[in-house]
1. Test each condition in (1) surrounded by 14 or more Cβ atoms within 10 Å (Cβ to Cβ); (2) charged (D, E, K, R); (3) outside any helix (DSSP H, G or I) for Asp123 and report the one that comes out false.
2. Scan (1) within 14 Å of the chain's Cα centre (by Cα); (2) closer than 25 Å to Leu304 by Cβ; (3) of a type in the set (Val, Ile, Thr) for the single condition Val345 breaks and write down its number.
3. Looking only at the stretch 244-299, which residues are modelled with pLDDT of 95 or more, on the phi > 0 side of the Ramachandran plot and assigned to a loop (DSSP other than H, G, I, E, B)?
4. Kindly indicate whether any position in the stretch 153-168 is in a loop (DSSP other than H, G, I, E, B), in contact with a Ser or Thr (Cβ under 7 Å, 6 or more places away or on another chain), farther than 17 Å from Ala278 by Cβ and not hydroxyl-bearing (Ser, Thr, Tyr).
5. If a residue must be of a type in the set (A, V, I, L, M, F, W, C) and closer than 20 Å to His341 by Cα, how many such residues does the stretch 137-168 contain?
6. Determine, yes or no, whether Thr149 is of a type in the set (Val, Ile, Thr), at pLDDT 95 or above, over 25 Å from Ser217 (Cα atoms) and within 21 Å of the chain's Cα centre (by Cα).
7. Please count how many residues of the stretch 61-92 are in a loop (DSSP other than H, G, I, E, B) and surrounded by 24 or more Cβ atoms within 10 Å (Cβ to Cβ).
8. Residues of the stretch 135-153 being touching a residue at least 40 places away in the same chain (Cβ under 8 Å) and surrounded by fewer than 19 Cβ atoms within 10 Å (Cβ to Cβ), which ones?
Amino acid sequence: MAALLCAASVAGAVLAPSATAFGGGHGSTVSRTSVHHTAPAHPWAAERAARKAVRQLTRAGLPGAIALVRDHGRTATAAAGYADVAARRPMAGYDHLRIGSNTKVFTATVVLQLAAEHRLSLDDTVQHLLPGVIHGGARITVRQLLNHTSGLPAFEQDPASMAPYLRGDAGYYWSPRRLVALADSHARLFAPGTKFSYSNTNYFLLGLIIEKVTHRSYEQELNRRIITPLGLHDTRLPLRTLKIQNPAVHGYMLGRPGHAPRDITFGISPSTTWAAGALTSTVSDLARFDKALLTGRLLPKAQLAEMTKTGPFTVDPADRTKGYGLGLEKLTLCGVTMWGHTGSVLGTQTNAFTSADGTRQLVLATNADPDTWSADQISAWLTASRTTLCVP
């Protein structure tokens, strides 16, 4: 059961190059590689890059992997390994998976749309929008929730948040306000606006703000503002079910060498990640959303400029090129400044990044919890995401 607590605690975490405290190595589970692309049948640079990346990851012992590479209008998607280890079902590029904290980009987009409509201000306080929901809400702004400078602790650090699942009640539903209240019962990490500390509590409050301002549910606003207009037919927000739409990618905790990975896909209710990380999607839907966002289809220029304005605080001491805007991470990949997010939840890790002009996209996903990766697997992931996927 401790593995379930470990899986939940890293929901939405950013995998840093300095990460070293992971489990041992694992044997390869490679089955085959499938490729779906919009280019001619002969191999081309992006296709070769995508194939090589997923093979690297499965040869390193990760159960399965999917990569999407888009380069100036040409797209390739490759998959290798297994989506379901027990059933020996091969991973496919169109499989559905939990995208974790990539959900935060959707949430932030809706908040900035509301700001563009003058229904809220980024400088509004939590107390103004959600009176009495947290202590000291008059000192925390919407902007500070978006860029993780509120000082609010992560509610998942409170053991009570995982207690039902450690008892075996995988379907136990947490309301957003109860999880916020758990976080609110603990001391603040720092004065608002003085430091950066990643916390899902921030995005639960943003989800509640969306509901308060619009008088609709968070899910309804996602559907009517983003999912339906963009035709994201494979993107869902399952909250009261443990199921993912088929074909579904199973998520795993990896064990010691020679031991089968543990399936944790259905181990914890997605209500524990809600507006911070509960969406399920496909790599193609995720890429479509990110491209639409970065190219101005979802936000006016002023709000998109706010979203991509990074703060002065260190996000990752091991990588000074990283930055965090309003729900968007900034990375330098393949020599290009790219925007997006990473997501780690219930045995899956998904990175999705897009250039500001939308012409370059890299999406990489695997179905193994990063807290159980070996040093070799960490190295394979960083190589795949930072160099292998690069197209000249």
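1. Single failed check for Asp123: (1).
2. Only one criterion is unmet by Val345, namely (2).
3. Gly296
4. Residues of the stretch 153-168 that are in a loop (DSSP other than H, G, I, E, B), as a first pass: 153-154, 158, 162, 167-168.
Cutting the leftovers down to in contact with a Ser or Thr (Cβ under 7 Å, 6 or more places away or on another chain) gives us 153-154.
The next check asks that each one be farther than 17 Å from Ala278 by Cβ; those that pass are 153.
Subset that is not hydroxyl-bearing (Ser, Thr, Tyr): 153.
Yes; the residues of the stretch 153-168 include at least one that is in a loop (DSSP other than H, G, I, E, B), in contact with a Ser or Thr (Cβ under 7 Å, 6 or more places away or on another chain), farther than 17 Å from Ala278 by Cβ and not hydroxyl-bearing (Ser, Thr, Tyr).
5. Step one: of the stretch 137-168, the residues of a type in the set (A, V, I, L, M, F, W, C) are 138, 140, 142, 145-146, 152, 154-155, 160, 162-163, 166.
Still in the running and closer than 20 Å to His341 by Cα: 142, 145-146, 154.
Residues meeting the conditions: 4.
6. Taking the combined requirement at face value, the residue satisfies it.
7. Initially, the stretch 61-92 is screened for residues in a loop (DSSP other than H, G, I, E, B), giving 61-63, 72-73, 85-88, 91-92.
Applying the additional criterion that residues be surrounded by 24 or more Cβ atoms within 10 Å (Cβ to Cβ) yields 62-63, 91.
The number of residues fulfilling the criteria is 3.
8. Filtering the stretch 135-153 down to residues touching a residue at least 40 places away in the same chain (Cβ under 8 Å) leaves 135-136, 139-153.
Scanning the stretch 135-153 gives His135, Gly136, Arg139.
The values are calculated or read from the model by the stated rules, or taken from the named source; none is laboratory data. These numbers come from a predicted model, not from an experiment. Ideal geometry is used to build each Cβ from the backbone, glycine not excepted, and the neighbour counts take in all protein chains shown.
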